[in-house]
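One structure is given below, encoded as structure tokens.
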Amino acid sequence: VSQHLHGILNSKFSYPVRFIMAMAACPGGQTVAMATEGQGLVMFRPAARPPHRWVQFHPNKDGTGFPSWNTYSVCFDSQGRLWVGTLRKGVVVGYIGRRGWQWRHYDEICRPANARNPNLPNESAMTFNGPIGCHVFAIVQNPIDHSIWISTEAGISIYYPRSARRKDADLRGAHLAADGAPSAAPMLFGRWRYITQANGLPSSPVDCMAFD
């Protein structure tokens, strides 16, 4: 499939995208995101003019904060954020800010600074602020409650957005997109749940997930 897509994209749209691992389209269909091996994240906007039709994100691209050349899964959520799973860097969440796409890297654990020595982490206050594991196999969104399910070598991590009764809760700190509408929130303000072998998962990683 990857080589077939490469042939179509290269012949019709003049971009040599190779080793496509996963694809996802935004709700309106204006953007298609492609997870690739060795080329980072590639976005395709079919309606844009040729110089702006293709956008690539990788560690050498200044100012975006994208951390990996190897991406394996992509998913647009209901707020327009793009979730990208990487080979060894965990999950990156993208949003449209004042300067285009910006990225936030969610690590496995958060270590608040030590009050006595700001250069040292406060080991007693370590908390999870992202998925467990670093090799992300799959990312999907539950269409019912809009939770995000992430499969890694360590298990399944589930991100639950704030309550639907507080629809603006996940939009704090959002900027305005180019068309004047609020962009997706740059921060995640929901809660996380983790499922591991202790909860009955098999020892081999779950490499595919889907909701019917």
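Roughly speaking, what is the stretch gain from GLN30 to ARG99, that is 0.36 nm per residue apart minus the C-alpha to C-alpha distance, in nm to one decimal?
On the way: separation 69, 0.36 × 69 = 24.84 nm, distance 1.84 nm.
Extra length from GLN30 to ARG99 when fully extended: 23.0 nm.
If I model a spin label as a point 7 Å beyond the Cα along the Cα-Cβ vector, how far apart are those points for ARG45 and ASP207 in nm?
About 3.4 nm, to one decimal.
Read the figures in this text as sums done on the coordinates, not as results from a lab. Values in this document were obtained by computation on a predicted structure and should not be read as measured data. Please note: Cβ atoms are built from the backbone with ideal geometry, for glycine as well, and neighbour counts cover all protein chains shown.
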